[in-house]
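Some notes on the structure that comes next.
Rule-based calculations on the coordinates, nothing more; no lab input. Only a predicted model underlies this, so the values are computations on that prediction, with no experimental measurement involved. Neighbour counts are summed over all protein chains in view; Cβ atoms, including those assigned to glycine, are modelled from backbone coordinates with ideal geometry.
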């Protein structure tokens with residue numbers, strides 16, 4: 001199975017990446033100039049597209065193809081492909097921000113490591129997911145490496161197309177941009193059936209409900225709790241009957257996101273803390289054990305800070321998924337009211353959206369949809385989520 005098999009609905013991008021991998025294989029085989037690469041391969045890439053379009057999947061697939069031992073075809077079966085896809089390859093570094101940003105110290109360490117020769121003799125690759133979260137200082141550190149790239153080192157950056165300015169112009173101008181689109185629901189459903197063994201009916205429903213987001217579709221198909229949370233979100237429009245109800249609905253949405261994040265990381269946080277304390281000598285009875293633990297307070301505090309940042313990001317991600325579902329409902333109301341020749345997103349709430357279309361004017365529905373979009377933008381700009389959601393609920397009630 002090709003490493004590009006899970007990059008669904010992106011035929012043009014896949015062709016670009018296949019040509020790049022083939023050119024990279026020719027360079028490894030002995031060419032060093034532009035003739036060997038034929039211009040298809042470059043040292044820095046940006047994968048951009050809407051959430052769920054497969055940005056990190058594309059970056060990981062290209063990294064695997066660069067390490068493929070079968071002339072860079074990305075066979076998905078050799079040792080090089082397997083270790084990259086499993087995130088264990090010695091020459092491929094993955095940067096997945098746990099908190100709200102990627103700091104300069106982390107980036108400097110990666111750039112330094114990327115400057116070494118590849119241990120396997122092919123390529124050093126640095127995959128940066130959510131590159132829009134780079135701090136200004138971290139972006140400058142990365143820019144220096146991209147401007148003066150080490151031989152056989154490739155930087156693969158992933159960033160949403162919804163906020164292209166989050167990546168500096170100077171970095172973008174030195175990278176080849178690979179735009180990805182939202183994959184069609186049919187392609188997402190096919191992947192769920194083929195790769196994950198999900199029943200066709202469930203896969204088709206989940207793909208439509210997830211609005212083209214492959215990871216979200218898989219979660220909805222496999223996780224009953226995820227489906228319950230989605231049902232609670234889609235019930236929000238019915239609950240907005242007064243000002244008090246708006247604040248109650250906002251609290252419920254925020255608390256659900258907090259609970260989801262806490263559940264996701266509670267066990268991991270406890271394990272991390274226990275491992276750090278053990279490494280620092282907790283429980284020891286020898287001379288100086290107590291003093292060592294007192295001196296380790298700073299490291300424990302730093303761990304707690306990272307865990308808190310990771311939980312905050314997870315809360316915002318969970319809240320954003322809820323807002324996307326809510327926006328889909330108001331989009332369905334608008335589509336139904338205007339009798340547009342397109343399918344609704346939430347087929348299981350089609351009656352509810354049809355009833356709302358009979359009560360609301362298209363203008364008021366559009367204002368409600370814009371209120372959800374404005375709430376997402378406000379949270380992205382670091383407005384307190386509770387304030388942003390409460391303002392949104394009031395706007396949804398007023399129409």
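A few comments on the model shown:
- For segment 318-399, the spread of Cα positions along each principal axis, largest first, Å: 37, 24, 17
- Residue order, fewest to most surrounding Cβ atoms within 10 angstrom, among 320, 130, 91: 320, 130, 91
- Relative pair counts by distance (%), Cα atoms of segment 37-85, 10 Å bins: 27, 44, 28, 1
- Top of 258, 343, 77 by mean-square fluctuation, Gaussian network on the chain, Cα under 10 Å: 343
- Residue among 271, 311, 48 with the largest mean-square fluctuation in a Gaussian network model of the chain, springs linking Cα atoms under 10 Å: 271
- Using 0.36 nm per residue and subtracting the Cα-Cα separation, the extra length available between residue 96 and residue 12 on full extension is 27.6 nm.
- For segment 59-166, radius of gyration divided by Kirkwood radius, i.e. Rg to Rh on alpha-carbons: 0.98
- The length gained on full extension between residue 196 and residue 223, counted as 0.36 nm times the residue separation minus their Cα-Cα distance, comes to 8.4 nm.
- Between residue 108 and residue 300, the simple label model (points 7 Å from Cα in the Cβ direction) yields a spacing of 2.9 nm.
- Computed log₁₀ I(q)/I(0) - Debye formula, equal Cα scatterers, no solvent, segment 1-123, q 0.12, 0.15, 0.21 Å⁻¹: -0.46, -0.73, -1.33
- With Cα atoms as the point set, the radius of gyration and Dmax of the chain evaluate to 23.7, 79 Å.
- All C-alpha pair distances within segment 106-213, sorted into 10 Å bins from zero, spread as 13, 33, 23, 22, 9, 0 percent across the bins.
- Separation of the residue 168 and residue 69 label points, Cα + 7 Å toward Cβ, nm: 4.0
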